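To start, the structure itself, in structure tokens.
The values are calculated or read from the model by the stated rules, or taken from the named source; none is laboratory data. Because the structure is predicted, anything quoted here is derived from the model rather than measured. Quick reminder, even Gly has a Cβ in these numbers, built from the backbone with ideal geometry, and neighbours come from all protein chains shown.
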Amino acid sequence: MRKRRLFLLALCGLGITAASAQTEPTSQGFNRFNFNVGGGFGGAFGDVGKLTGTSYNGVAGAGLNLSPSFGVKAEYMYFNLKFDDSVKANQGVPDATGHLQSATLNLVYNHSLGGKLGVYAIGGGGWYQRSVDARRQFLPEGTVCQPAYRLWEIMCTTAGIQLVDPAQTLSSHSNDGGGYNFGGGFTYRITRKMKIYVEGRYHHSYTGSVHTNVFPVTVGLRW
């Protein structure tokens, strides 16, 4: 809970700071800088998706517009990984929590549909980190391996029934790696500079032996 509060406070702080920045139009008639902040819900796919359910996400970004249509944007994303209750109850991780965070650099293409409506495409790549946490417990050699243990990189035998080998301790664990994302969304202008946006984006990250794939749907503000 403390991590969630700190994240929300940081997100709000970035939004307030960005809102105070200069966004005056250039001589070509478009704002040189762009900002966004938003949040929503989404889910994971693949091996991580088999262990987790729908959860919340948040994102904040800032960038540079190269023309009215093209721009670049640096973004931070936080995606909560909510373990299913059945996984926590049946796989020996009763208090398991997790999250994925990223810092990426993305290209953005904007297209006006006329009036206040617009669409855009976005894609890029960068750094991703998946972190999981559980009550510290010692796993003796010969303990039956559970699918959830893979997120903690617990080493198990590969022949027949998978067993922990050698003895290990399960607690907190993080995996860092590169990754990429792509998606798009719709915008609706509410003021001269501010737009509401709705976006769907796919993220794939190379986080250790188990890759992490998530698809957040985000609602927020762009300016």
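Values computed for the structure shown
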item: Selection within the stretch 108-130 - surrounded by fewer than 16 Cβ atoms within 10 Å (Cβ to Cβ) and of a type in the set (Lys, Arg); result: Lys116
item: Filter result for the condition that a residue is at pLDDT below 95 and within 24 Å of Asp84 (Cβ to Cβ), over Gln137, Gln129; result: Gln137
item: Candidate set from the stretch 46-102 (those that are touching a strand residue (DSSP E or B) at 6+ places or on another chain (Cβ under 7 Å) and of a type in the set (Asp, Glu)); member that is surrounded by the fewest Cβ atoms within 10 Å (Cβ to Cβ); result: Asp95
item: Condition check for Asp133: closer than 30 Å to Asp165 by Cα, under 22 Å from the mean Cα position of the chain (by Cα), surrounded by 14 or more Cβ atoms within 10 Å (Cβ to Cβ) and not small (Gly, Ala, Ser); result: yes
item: Test for Asp165: is it over 17 Å from the mean Cα position of the chain (by Cα) and in contact (Cβ under 8 Å) with a residue 12 or more places away in the chain; result: yes
